[in-house]
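All of the numbers you see were taken from the coordinates with simple rules; none came from a lab. Keep in mind that what you see is a predicted model, and the values were worked out from it rather than measured. Virtual Cβ from ideal backbone geometry, glycine too; neighbours counted across all protein chains shown.
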Amino acid sequence: MKREVIVACDFSTREETLAFLDLFKEEKPFIKIGMELYYSCGPDIVRQIKDRGHKIFLDLKLHDIPNTVYRAMRNLADLKVDMVNVHAAGTSEMIRAARRALDEKGSDAILLSVTQLTSTTEEIMQQELWIPHPMADTVRHYAAVSQGAGCHGVVCSPLEVQDVIRECGEGFITVTPGIRFTQDEKGDQKRVTTPAGAHHLGSHYIVMGRPITTAADPVAAYRRATAAFEKGIEE
Ligand code: C5P
């Protein structure tokens, strides 16, 4: 299995983003463009990063009525990115609408659903989202619904990867944010592990933002994450 580190480019300006990418002379990291960058720079930033030869995960987490998601996903399909996503909480009809939009456009983008954000604890999920189940069961159930509706995989915490694999099979892709070099640098993330930990838990892709983008040497941090994730050895 090829394991890849996806770098979350959570910047607000084109200049910051391109200056960050310019640091990478030898590698072409898989880049995640999320709401912060997309809402400030629009689709042009996607084209620009793609033209530089990076694979792109466009992480806009669509969550709306099926018709709106269908029409939005048709537009995103034109950007020809490698990975897109929706919120599983939008339910199967919405996910199928996203699937249909991609299929009609002939897109081969990996379609993921977000199960539960890695910043959400089981307690908050139960108290505020009013989901009376354990986190692992909820993620597993959302993964099964998403698979049935046409997703290739899910975004989940590395801690739930084994549950998802048991439910959906080895071929179902798991993309896991909530990765830190050591467990004590969590920030706002709650359900976290290290790159080597994610390897052992079976993640296909890990998403890392701040531990790489705010590192004194981002290229070194990216290499450190890649080596640890590929080999499963703590740096
Ligand atoms: O900086 P950090 O490594 O915490 O960045 C994680 C990235 O992954 C952020 O861009 C965040 O939006 C995204 N993400 C997440 N949890 C999810 C889905 C996406 O943290 N369930």
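Bridgeable aspartates and glutamates around LYS61 (alpha carbons under 15 Å apart, same-chain partners fewer than 8 residues away excluded): ASP10, GLU36, ASP82. In the chain, helices alone account for a calculated mean residue ellipticity at 222 nm of -13000 deg cm²/dmol, with every DSSP H run of four or more residues adding -39,500 (n - 2.57).
For every other residue with a beta carbon closer than 12 angstrom to the beta carbon of HIS87, add +1 if it is Lys or Arg and -1 if Asp or Glu, then tell me the sum. So the environment of HIS87 carries a net charge of -1. Modelled spin-label separation between ASP22 and GLU36, with each label point placed 7 Å from Cα along the Cα-to-Cβ direction: 2.0 nm.
One chain, two ends: ARG223 and ARG14. Fully extended at 0.36 nm per residue, the span grows by 72.9 nm beyond their Cα-Cα distance. Here the stretch 173-235 and the stretch 20-48 have alpha carbon centers that stand 19 Å from each other. Per-peptide packing, taken as the mean over residues of other Cβ atoms within 10 Å, places 77-84, 150-157 in the sequence 150-157, 77-84 from highest down. Relative to the current alpha-carbon distance between MET1 and LYS105, full extension at 0.36 nm per residue lengthens the span by 34.6 nm.
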